[in-house]
Amino acid sequence: MENCIFCKIVRGESPSETLYQDDQVTAFRDIHPVAPTHVIIVPNKHYNSISEIEKEDEQMVGRLFYIANKIAREEGIEKNGYRLIINHGKHGGQEIYHLHLHLIGGRRMQHPVG
């Protein structure tokens, strides 16, 4: 998607503090962090949301989680724990319509509202 901010970051057309990039996923710091560590991990291919994932995307989805754990180790938050969040749709709080995983940690997290 030409105008998608996350696609622009993946293509190197928009500034970001990129922590990781390979042929499937890109990880960068959130510009509005809610914790000391707040990283966004996106598939390089554009998906509007998690609902567009198909069977052939299983490897990429696994890669998102693998890279999240790799970055958590590098950031020193793996031992005490962290939160992984995927927001889906309006009611789920999705603001940018490019599938993305939030890696949040570095402080004690409050329980989400249920």
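Read-outs: derived from the displayed coordinates by stated rules, not from any lab. As the structure is a prediction and not an experimental result, all values here were calculated from the model. Cβ: placed from backbone, ideal geometry, glycine included. Neighbour counts: every protein chain shown.
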Quiz item: Assuming residue 51 fulfils every condition listed in (1) among the polar types (S, T, N, Q); (2) over 21 Å from residue 3 (Cα atoms); (3) in a helix (DSSP H, G or I) apart from one, which condition is it?
Solution: (2)
Quiz item: Across region 74-93, what is the number of residues that are of a type outside the set (Phe, Trp, Tyr) and under 16 Å from residue 38 (Cβ atoms)?
Solution: 13
Exercise. State which residue pairs qualify: first residue closer than 12 Å to residue 49 by Cβ and free of Cβ contacts under 8 Å to residues at least 40 places away in the same chain and inside region 80-104, second residue part of a strand (DSSP E or B) and not β-branched (Val, Ile, Thr) in any location, beta carbons under 9 Å apart, and separation of 6 or more residues or different chains.
Key: 86/101; 86/102; 87/102
Quiz item: Does residue 61 satisfy the condition of being surrounded by 12 or more Cβ atoms within 10 Å (Cβ to Cβ), part of a helix (DSSP H, G or I) and of a type in the set (Val, Ile, Thr)?
Solution: yes
Quiz item: Out of all the residues in region 17-44, which are farther than 16 Å from residue 75 by Cβ, surrounded by 14 or more Cβ atoms within 10 Å (Cβ to Cβ) and not β-branched (Val, Ile, Thr)?
Solution: 21, 24, 43, 44
